[in-house]
Amino acid sequence: MNSVSRFAWALLIVGVAGLRADGQVLDFETLPNGTIPADGQTISDQYEAEFGVSFSLEDGNFPVIAKVGPPQTAFAGFGGPDMPRPNINVGVSFLTDDGVVGSPPSPLVIDYSTPAQQASGVIIDIDFSEQWSVEAYGAKDVLLETIVLSPAGNGSASPWMFQFPTPAIHRIRLRYTGAGGNNIGLAFDNFSPASGFGPLGVTIEADGGCGTACSLDDVELVAVISGGVPPFAFDWQEQVGADTWSSIGSDPTVIVSPESSTTYRLVVTDADDESVTSDPLALTVCVGEPSFDSDEDGDVDLVDFGQFQIAFTGANR
């Protein structure tokens with residue numbers, strides 16, 4: 001029986017965290033599970049599975065939901081506690097730091113499961129001597145860009161946006177950099193964790209590009225995706241005729257054990273219903289020469305074993 005050889009593989013799928021298409025906005029009015037958040041509710045990883053982002057405070061705690069109106073948990077606003085100006089489109093929920101208005105809060109940190117190309121949001125009620133700095137960080141915590149938001153007025157919304165030519169944002173940090181005071185709080189809303197992955201593309205790898213296998217060996221075919229909007233749907237196909245393909249799997253990888261040389265391809269569809277088909281991958285199956293083919297006729301039979309004579313020597317018994 002042939003031994004099973006499983007080719008080494010590395011799954012290279014961009015953005016498996018499930019980020020939505022550009023333009024999706026987290027307004028904190030409804031959580032991804034459909035529930036309406038409560039005033040003071042802790043926000044940490046609720047948005048990670050669907051949007052690929054998680055929230056924390058730099059001091060080890062987590063931000064909380066603030067509701068428009070009393071009690072005051074973020075700012076003294078336009079006409080009352082936590083009241084934005086009318087018509088700035090921020091709804092009735094937003095994200096604040098620890099929910100206590102006082103000395104400058106710990107920075108809010110947004111971590112990405114996979115890097116993003118652009119991101120945007122607003123901070124509400126920057127006034128008097130207040131100032132916020134929004135920082136974008138790349139790999140290894142390299143600071144990529146800083147946007148400084150100066151006073152805009154009582155209850156007003158100050159927008160910010162990062163945009164890079166490639167997905168480079170690994171972390172965003174909202175940090176208070178204004179003059180000190182005892183009435184400081186964060187009011188963060190309308191966050192767009194846009195991914196901007198670019199056009200969808202897919203190739204197939206088998207053992208890093210090896211296109212041969214021995215008969216009955218297992219070979220793992222791997223999807224290598226670029227661009228597109230996750231999550232992805234996979235349709236692995238095997239060629240069974242001149243222009244005929246048969247589906248053989250729907251996971252990011254598939255294991256095949258062809259008995260003869262076979263051609264495979266992969267159709268990938270993203271969350272925007274864009275579909276692409278990979279170039280075909282021809283897997284060549286090599287059949288080894290039979291062992292003990294003494295008469296060199298291409299098979300192993302009794303004639304071959306008749307070619308061997310074994311003599312034993314030793315004491316007679």
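The translational diffusion coefficient of the range 13-125, from Stokes-Einstein at 10 °C and 1.306 mPa s with a Kirkwood hydrodynamic radius over alpha carbon pairs, comes to 106 µm²/s.
Legend: calculated FRET efficiency, Thr42 to Thr177, from the Cβ-Cβ distance at R0 = 30 Å, rounded to 0.05, equals 0.75. Taking 0.36 nm per residue of separation and subtracting the Cα-Cα distance, what length does fully extending Ser275 through Thr263 add? Stretched out fully, the Ser275 to Thr263 stretch lengthens by 2.3 nm.
Between Cys286 and Asn89, the distance separating the two model label sites (each 7 Å from Cα on the Cα→Cβ line) works out to 6.2 nm. Quick check: from the Cα gyration tensor, does the range 48-192 come out rounded (a/c under 1.5), prolate or oblate? Cα axes put the range 48-192 in the prolate bin.
All of the numbers you see were taken from the coordinates with simple rules; none came from a lab. None of the values given here were measured: they were computed from a predicted structure. Every residue, glycine among them, receives a Cβ derived from its backbone with ideal geometry; neighbour counts consider all protein chains shown.
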